[in-house]
Amino acid sequence: MDVNINQLIQTLAIYALPVLFAITLHEAAHGYVARHFGDMTAHAQGRISLNPGRHIDLVGTIIVPLVILFLSGYKFLFGWAKPVPVNYSALRKPRQHMAWVAAAGPGANLLQALIWAGALKLAVAAPENMFSVPLRLMSEAGIVVNLVFMFLNLLPILPLDGGRILASLLPSRAAWQYARLEPLGLPLLVILLLTNVLSVVLEPLVGVSDALIRAIVL
């Protein structure tokens with residue numbers, strides 16, 4: 001039990017900052033791009049912010065990820081933040097701009113994965129000491145966390161970003177019919193998670209992308 005507790009504490013110390021940044025910048029990016037295209041909703045509510053407190057959901061950001069991380073043997077992470085409010089009808093070109101607003105979150109995660117890869121390069125190049133080792137472990141976690149968030153959110157399931165992107169690309173009638181399926185999205189994700197389908201889909205994507213980023217940066 002002590003070993004598990006120590007492992008959990010070490011895992012939390014390594015993953016805390018990458019997860020907070022991944023969630024915060026993901027959500028802030030949605031609000032920033034929405035404001036750019038004319039929707040001031042997130043701006044008016046103070047959600048275009050780098051303050052994690054404005055985006056953290058107690059259940060989705062803290063409790064659920066910890067439980068899943070523990071139950072998966074520290075191999076998988078799943079969670080969510082408070083969604084940034086977007087009034088798509090306020091966008092100058094609602095259907096077209098909806099895709100850009102949705103893509104902004106995964107785009108922010110990809111950028112963070114590359115930044116963490118740069119930090120990893122610095123950690124590997126530095127002499128091994130009390131700072132370089134934690135930085136290396138945190139950077140490795142940062143790459144994986146952001147890739148998981150990116151690919152998870154790109155799944156074509158509403159209300160995920162991939163679902164928003166797909167809805168913006170479909171013909172109007174098909175998009176309307178597809179949007180009616182949104183209430184089933186979260187239950188479907190839970191089923192995919194519990195049946196391990198989510199891991200089967202995401203692990204190869206994350207693994208190949210992680211290896212590619214490391215090959216380019218290192």
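The values are calculated or read from the model by the stated rules, or taken from the named source; none is laboratory data. Small disclaimer: the values here were computed from a predicted structure and weren't measured. In this analysis, Cβ positions are derived from the backbone assuming ideal geometry, glycine residues included, and neighbour counts consider all displayed protein chains.
The residue of segment 42-62 that is nearest to the chain's Cα centre (by Cα), among those that are under 17 Å from His30 (Cα atoms) and part of a helix (DSSP H, G or I), is Pro52. Of Phe151, Phe131, all but one fail to be of a type in the set (Phe, Trp, Tyr) and under 19 Å from Gly60 (Cβ atoms); the exception is Phe151. Is it the case that some residue within segment 129-151 is acidic (Asp, Glu), surrounded by fewer than 18 Cβ atoms within 10 Å (Cβ to Cβ) and either touching a strand residue (DSSP E or B) at 6+ places or on another chain (Cβ under 6 Å) or farther than 21 Å from Ala81 by Cβ (or both)? For segment 129-151, residues acidic (Asp, Glu), surrounded by fewer than 18 Cβ atoms within 10 Å (Cβ to Cβ) and either touching a strand residue (DSSP E or B) at 6+ places or on another chain (Cβ under 6 Å) or farther than 21 Å from Ala81 by Cβ (or both): absent.
Summed over segment 188-215, residues that are over 12 Å from Phe151 (Cβ atoms) and either without any contact (Cβ under 8 Å) to a residue 40 or more places away in the chain or small (Gly, Ala, Ser) (or both) total 13.
Scanning segment 167-218 for residues that are under 13 Å from Pro156 (Cα atoms) and among the charged types (D, E, K, R) turns up just one, Glu182.
Table: residues versus (1) surrounded by fewer than 17 Cβ atoms within 10 Å (Cβ to Cβ); (2) of a type in the set (S, T, N, Q); (3) farther than 19 Å from Leu160 by Cα; (4) modelled with pLDDT under 80.
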site	(1), (2), (3), (4)
Leu66	yes, no, yes, yes
Leu71	yes, no, yes, yes
Phe76	no, no, no, yes
Gly79	no, no, no, yes
Ser89	yes, yes, no, no
Leu114	yes, no, yes, no
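Looking at this structure, is Ala119 small (Gly, Ala, Ser), closer than 26 Å to Asn6 by Cα and modelled with pLDDT of 90 or more? Answer is yes for this residue. Give the residue, chosen from Ala119, Ala174, Ala104, that is outside any loop (DSSP other than H, G, I, E, B), crowded, with 19+ Cβ neighbours inside 10 Å and among the small types (Gly, Ala, Ser). After ruling out the rest, the residue left standing is Ala104. Can you name the number of the only condition in (1) assigned to a helix (DSSP H, G or I); (2) modelled with pLDDT of 85 or more that Asn4 fails? Going through (1) assigned to a helix (DSSP H, G or I); (2) modelled with pLDDT of 85 or more one by one, Asn4 breaks only (2). Total residues in segment 122-163 satisfying the condition of being in contact (Cβ under 8 Å) with a residue 12 or more places away in the chain and assigned to a helix (DSSP H, G or I): the figure is 26.
Across segment 146-159, the number of residues qualifying as in contact with a Leu (Cβ under 7 Å, 6 or more places away or on another chain) and aliphatic (A, V, I, L, M) comes to 5.
Would you confirm, using the coordinates I've provided, whether Ala119 is touching a Lys or Arg at 6+ places or on another chain (Cβ under 6 Å), without any contact (Cβ under 8 Å) to a residue 24 or more places away in the chain and hydrophobic (A, V, I, L, M, F, W, C)? Spelling it out, it is not the case that Ala119 is touching a Lys or Arg at 6+ places or on another chain (Cβ under 6 Å), without any contact (Cβ under 8 Å) to a residue 24 or more places away in the chain and hydrophobic (A, V, I, L, M, F, W, C). Apart from one condition, Leu194 fits all of (1) more than 22 Å from Val67 (Cβ to Cβ); (2) modelled with pLDDT under 95; the exception is (1).
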